[in-house]
Amino acid sequence: MPVYILGIESSCDDTAAAVIADDVILSNVTASQEIHASFGGVVPELASRAHQQKIVPVIHTALQKANISKNQLSAVAYTRGPGLLGSLLVGSSFAKALTMGLNIPLIEANHLQAHILAHFIMDANKANPVPVFPFLCLTVSGGHTQIVIVKDHFDMHIIGQTIDDAAGETFDKAAKIMGLPYPGGPMIDQLAREGNPVRFSFAKPNIPGLDFSFSGLKTSILYFLRDRLKENENFIEINKADLCASIQQTILDILLSRLEKASLQTGIREIAIAGGVSANSGLRFRLDAIKHKNNWNIYIPPLAYTTDNAAMIAITGYYKFLKKDFALQSAAPYARSSF
Ligand code: KG4
Ligand code: ZN
């Protein structure tokens, strides 16, 4: 009998549930919350309320698509943190009640570890390659930017991280400055494909070590556009594709220069990417282009496992289930954490 894990993710603005049989994915359902688009960013109270509305149908659909009943579940895994507390509370309360009712173990997942462990989700024919330990993972999302040494499934060490904004946040803020809708990352990615990435140049940080900084870039974009708009109010409209391509290029330059430095310093050439920004087509293209020069084996997750999803929580649950690493009903969600 396989181990069946239901994963629940509710840390931000996606309500998601997934079912896994051992490490093989059976279903992966995500309901995104459209309500935030008109506000240009996630409104925490609205996110929490939307999770309450969506969690039951999303879990129901995940079980149905996996073709199993809740009585067959071996355990339920949920995101304990980091994330928005009001959002996390919905998933954690549901997971606790469900495991109590079914009398099965409760498993907590750290959202950032889960983004990385998404690389171990197997498709039905178990043919997808998985990273070899130890590997470096560049975790790039809306809230985090980290370089992590992954020695084992739960033996992870952050060796570099952002000292201010995250990479995804920078995409989103740049898009907002240009009047593009939220979330800006996918939109900039799409427009950048038609643009010239070296047409405009923006400030890059000059900080030692493996840490990142994006706040200077954000300010540089803001002032650059303010000045150009004074000369021509249609400047953004006329140059949208080149602006997107140049902004994306700068963000990727910052990310990749640190990743190359981390690989040189550690001698690790197994390189993975994770998190919402790992969906970026420019990042994927450039990693592929530099892998030979650096002698890297690169691991790029399928798009469905880049932005927030519950399959990554379910696979985390599976590996914790094997270790009998179960959570207490009293475990409180946390807004911030490392691991
Ligand atoms: O991992 P994720 O879904 O949520 C967090 O844990 O934060 O990441 C969301 C972030 C957003 O900032 C979004 O703009 C960005 O990932 N993102 C992208 C792309 N798709 C999503 N950024 C650049 N290019 C993309 N294709
Ligand atoms: Zn995430």
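Side notes on the structure shown:
- Selected residue [assigned to a loop (DSSP other than H, G, I, E, B), more than 16 Å from ligand 2 (Cβ to nearest atom), within 19 Å of the chain's Cα centre (by Cα) and at pLDDT 95 or above] from D164, D189: D164
- Subset tally (residues that are surrounded by 15 or more Cβ atoms within 10 Å (Cβ to Cβ) and of a type in the set (S, T, N, Q)) for the stretch 211-265: 9
- On the stretch given as the stretch 32-53, residues that are in contact (Cβ under 8 Å) with a residue 12 or more places away in the chain and open to solvent by 50 Å² or more (accessible area, probe 1.4 Å) total 7.
- A314 vs. criteria open to solvent by 50 Å² or more (accessible area, probe 1.4 Å), away from ligand 1 (no atom under 15 Å from the Cβ) and more than 23 Å from P197 (Cα to Cα): no
- Residue satisfying condition, being open to solvent by less than 40 Å² (accessible area, probe 1.4 Å), within 16 Å of ligand 2 (Cβ to nearest atom) and touching a Lys or Arg at 6+ places or on another chain (Cβ under 9 Å), within set P105, P82: P82
- Evaluated against (1) open to solvent by less than 50 Å² (accessible area, probe 1.4 Å); (2) part of a helix (DSSP H, G or I), D308 falls short on exactly one condition, (2).
- Matching residues in the stretch 285-304 - criterion: being in contact with a helix residue (DSSP H, G or I) (Cβ under 8 Å, 6 or more places away or on another chain) and of a type outside the set (V, I, T): R286, L287, N294, W296, N297, Y299, P301, L303, A304
- Answer from L112, L88, L138, L117 - the residue that is within 16 Å of ligand 1 (Cβ to nearest atom) and not in a helix (DSSP H, G or I): L138
- Selected residue [within 16 Å of ligand 2 (Cβ to nearest atom) and not hydrophobic (A, V, I, L, M, F, W, C)] from N280, N234: N280
- Candidates N71, N110 - the one that is closer than 24 Å to Y319 by Cβ and open to solvent by 40 Å² or more (accessible area, probe 1.4 Å): N71
- Flag for V29 being within 16 Å of ligand 1 (Cβ to nearest atom), open to solvent by 10 Å² or more (accessible area, probe 1.4 Å) and farther than 30 Å from H157 by Cβ: yes
The values are calculated or read from the model by the stated rules, or taken from the named source; none is laboratory data. None of these values were measured; they are calculated from a predicted model. Cβ sites come from the backbone with ideal geometry, for glycine too, and all protein chains shown count toward neighbours. Note: accessible area is taken over every heavy atom of the protein model, side chains too, but ligands, DNA and RNA are not part of it. Shrake-Rupley method; radii C 1.70, N 1.55, O 1.52, S 1.80 Å.
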